[in-house]
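Right, one structure below, let's go through it.
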Amino acid sequence: MLSYRLIVAFILIPLVIAILFWFPLFSFVITIIMICMLAAWEWSQLAGMVKRSQRVYLSALCGLLLSGMFFIMKFDERHFYPLRILLWISLIWWVIAFILVFFYPISASLWSNSRYLRLLFGILTLFPFFAEMIELRCYHYSTNHLIGSWYLLFVILLAWSTDSGAYIFGKLFGKNKLIPKVSPEKTWEGLVGGLFCSIIVAWLFSMLAPIEMKPFMQIVSAISIACFSVIGDLTESMLKREASIKNSSNLIPGHGGILDCIDSLTAAIPLFGFLLLIFRLF
């Protein structure tokens with residue numbers, strides 16, 4: 001299994017870089033829409049949908065709505081009001097998600113029997129993720145096509161380093177379980193290791209990448225993104241546990257499904273957009 005993960009990682013890393021830096025904007029948007037459609041297909045299973053036709057319709061509807069969002073919303077305008085509202089909604093959702101995870105399985109009594117609530121969770125997860133992926137990619141697009149790509153790479157590297165650091169430190173030093181009823185393998189030692197790795201990566205990135213970021217913003221971003229990426233991971237784990245499935249799908253060998261790969265980013269990407277808003281960098 002580990003060999004599969006390494007092989008797929010060596011394929012995915014250059015693919016992600018190519019999508020961020022070499023794809024034209026419209027091709028990038030189409031790619032993110034397709035990723036979200038596959039994620040919606042997988043989420044339908046978490047929501048309790050078993051009929052193939054229902055899952056196909058949900059995925060197609062997701063793609064249609066996201067396409068409409070792209071053409072209606074002004075992603076190149078940094079103060080476009082609906083996008084700001086969407087970031088606030090996303091922040092509130094992830095705070096609620098943390099509470100649901102923390103009090104699981106007691107909290108499951110509030111949502112596990114409602115397909116509509118679980119679908120709502122999916123909307124609150126995927127739509128802000130899509131919107132902020134596009135908004136960050138459009139950052140200063142008219143003056144420099146790649147600035148937004150560097151910001152996206154920054155968040156992706158922080159989320160990945162948190163996950164990798166948590167895995168390594170958890171394996172080496174993990175003794176105290178983080179939230180065992182949701183994810184028995186995660187430990188407090190792993191969380192600390194993930195935070196440490198994210199801070200190191202943020203520092204290295206600021207030294208090497210052609211973007212300006214204040215030291216305080218680096219530290220706040222590293223810690224916040226690390227924490228929220230863990231919340232995104234744990235939220236999907238909670239939903240999978242309630243649905244009695246191990247992986248969202250078997251689309252990616254050694255990794256599971258699309259959701260298993262982007263679960264941390266669905267929380268980290270909107271959070272970073274919110275941080276940029278708060279620090280008035282947008």
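The values are calculated or read from the model by the stated rules, or taken from the named source; none is laboratory data. Keep in mind that this is a model prediction, so the values were computed, not measured. Cβ: placed from backbone, ideal geometry, glycine included. Neighbour counts: every protein chain shown. What goes into the accessible areas is simple: the full protein's heavy atoms, side chains included, and nothing from ligands, DNA or RNA. Shrake-Rupley method; radii C 1.70, N 1.55, O 1.52, S 1.80 Å.
For the range 107-126, filtering for residues that are open to solvent by 40 Å² or more (accessible area, probe 1.4 Å), of a type outside the set (A, V, I, L, M, F, W, C) and part of a helix (DSSP H, G or I) leaves 3.
Looking across the range 144-161 at every residue that is of a type in the set (G, A, S) and over 13 Å from C197 (Cα atoms), the one that is surrounded by the most Cβ atoms within 10 Å (Cβ to Cβ) is identified as G148.
For the range 168-179, which residues satisfy the criterion of being within 20 Å of F98 (Cβ to Cβ) and in contact with a strand residue (DSSP E or B) (Cβ under 9 Å, 6 or more places away or on another chain)?
Looking only at the range 168-179, we keep the residues that are within 20 Å of F98 (Cβ to Cβ), and these are 170, 176-179.
Scanning the range 168-179 gives G170, N176, K177, L178.
Please find, within the range 226-247, the residue that is surrounded by the most Cβ atoms within 10 Å (Cβ to Cβ) out of those that are at pLDDT 95 or above and of a type in the set (V, I, T). By that ranking, first place goes to V230.
Before we move on, is S183 over 18 Å from I225 (Cβ atoms) and either of a type outside the set (S, T, N, Q) or not in a helix (DSSP H, G or I) (or both)? Steps first, please.
Values: over 18 Å from I225 (Cβ atoms): yes; either of a type outside the set (S, T, N, Q) or not in a helix (DSSP H, G or I) (or both): yes.
So S183 fits the description; yes.
Taking the numbered list (1) small (G, A, S); (2) farther than 21 Å from Y104 by Cβ; (3) at pLDDT below 85; (4) open to solvent by less than 10 Å² (accessible area, probe 1.4 Å) in turn, S221 passes all entries but (3). The residues of the range 127-143 that are closer than 15 Å to L276 by Cβ, open to solvent by 10 Å² or more (accessible area, probe 1.4 Å) and in a helix (DSSP H, G or I) amount to a single one, M133.
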